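The values are calculated or read from the model by the stated rules, or taken from the named source; none is laboratory data. Because the structure is predicted, anything quoted here is derived from the model rather than measured. Positions of Cβ are generated from backbone atoms using ideal geometry, with glycine treated the same way; all protein chains shown enter the neighbour counts. We work out accessible area using only protein heavy atoms, side chains counted, and drop any ligands, DNA or RNA first. Shrake-Rupley method; radii C 1.70, N 1.55, O 1.52, S 1.80 Å.
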Amino acid sequence: MTELFSVIVLLYNNGEYLYECLESVLMQDYPAIEIVVVDDGSKLYDGNSIKMFLESNKRSNIKNLIVYQNEKNLGTVKSANGAMKKSSGEYLKLLAADDALYDENSLAFAAKALQQSQNGIVTGDVMKCDENLTPLSNYKKKLTKKLNKLEPLDVFRHLCVHNDIVAGGVFFSKRFISQYGYCDESYRLVEDWPMWLLATQKGCRFLYSPFLAIRYRSNGGIGTSVNPLYMEDKRRVLRSIIIPAKKQLGFLWYVRARVSFKVINSRFLRQIYGRIFRREK
């Protein structure tokens, strides 16, 4: 039996990229796809045009279409949760409207990996691209390369230092959701980092599969270091998850996590770190 794959496209004030994103879903070879497009209160939104585009370009493997707009701006986390609850697929992919699935095989590769996953969550590779989605480099983190060999607690410790599991490369199942829960709605914009932390802290194993999952616009998105709401979410991660896990982390990992948090969230310290790193190379 082929499981239905729900691709949830998260849209907020980046509609200029939406149709390129949707085309990347419509071209997939996977035989059973549901497309869910949720707009989180964009100033310019035309749901009818989106529906017409999908209806006109869908093939027989597109089994269901859902297009809607939230009544008010909810933020990424609540918007993603609401769309996942409306979806019918066993397999789930959250896809930002300014990104795109890498090629026609992305969902098929992800589904194969999900079948092999112990806890129903996998990550592939992410191709970092420019504004035109021209590939720049494989956005593979050091943690990704050794993910399958590490115990969940070791992954949790790495993630406390830095979120090195790129959300764009992750696919999961309703089985994962039933075991570890939806995104934590005490956050507004950061849907991925708290979920990865809480799941690995509870013993969840991520499976890394070496396929290219998406094309990621490196200059897109709303989760930037200058966004105060994003920064508050990150501080909440520190207060709510990392600091309470001090004993579980151990002294050295805890110190690394606290130092990393200060460096990453300070423009001045990032510049110093960058100079030192360049000298060492």
Within region 174-191, can one find any residue that is more than 17 Å from the chain's Cα centre (by Cα) and in a strand (DSSP E or B)?
no
Which residue pairs have Cβ atoms under 6 Å apart, sit 6 or more places apart or on different chains, and have a first residue in region 247-264 that is under 18 Å from Lys234 (Cβ atoms) and a second that is open to solvent by 60 Å² or more (accessible area, probe 1.4 Å) and among the aliphatic types (A, V, I, L, M)?
Val263/Leu269
Going through region 8-39 in order, the residues found to be more than 18 Å from Met84 (Cβ to Cβ), among the hydrophobic types (A, V, I, L, M, F, W, C) and more than 19 Å from the chain's Cα centre (by Cα) are Leu26, Met27
Quick check: is even one residue across region 124-139 surrounded by fewer than 17 Cβ atoms within 10 Å (Cβ to Cβ), closer than 16 Å to Phe206 by Cα and in contact with a Leu (Cβ under 8 Å, 6 or more places away or on another chain)?
no
Give me the residue from region 163-173 that is assigned to a loop (DSSP other than H, G, I, E, B) and closer than 21 Å to Val7 by Cα and, out of that set, least open to solvent (accessible area, probe 1.4 Å).
Ile165
For region 42-66, how many residues meet the condition of being open to solvent by 30 Å² or more (accessible area, probe 1.4 Å), among the aliphatic types (A, V, I, L, M) and in contact with a helix residue (DSSP H, G or I) (Cβ under 9 Å, 6 or more places away or on another chain)?
3
Could you grab me the full set of residues in region 14-31 that are in contact (Cβ under 8 Å) with a residue 40 or more places away in the chain, open to solvent by 10 Å² or more (accessible area, probe 1.4 Å) and part of a loop (DSSP other than H, G, I, E, B)?
Asn14, Met27, Asp29, Tyr30
Evaluate region 151-162: report whether one residue or more is within 22 Å of Ser24 (Cα to Cα), out of contact with any His (no Cβ under 7 Å at 6 or more places or on another chain), acidic (Asp, Glu) and outside any helix (DSSP H, G or I).
no
Single unsatisfied condition, Leu133 versus (1) in a loop (DSSP other than H, G, I, E, B); (2) among the hydrophobic types (A, V, I, L, M, F, W, C); (3) closer than 29 Å to Lys262 by Cα:
(3)
Residue check, Gln201 open to solvent by 60 Å² or more (accessible area, probe 1.4 Å), within 18 Å of Lys146 (Cα to Cα) and out of contact with any Ser or Thr (no Cβ under 8 Å at 6 or more places or on another chain):
yes
Number of positions in region 67-88 that are open to solvent by 40 Å² or more (accessible area, probe 1.4 Å), among the aliphatic types (A, V, I, L, M) and either closer than 16 Å to Val25 by Cβ or more than 22 Å from the chain's Cα centre (by Cα) (or both)
0
Scan region 141-156 for residues that are under 17 Å from Lys247 (Cβ atoms) and open to solvent by less than 50 Å² (accessible area, probe 1.4 Å) and jot them down.
Pro152, Phe156
What are the pairs with Cβ atoms under 6 angstrom where one residue, in region 137-155, is more than 10 Å from Tyr208 (Cα to Cα) and the other, located anywhere, is open to solvent by 70 Å² or more (accessible area, probe 1.4 Å)? Sequence gap at least six, or different chains.
Pro152/Arg205
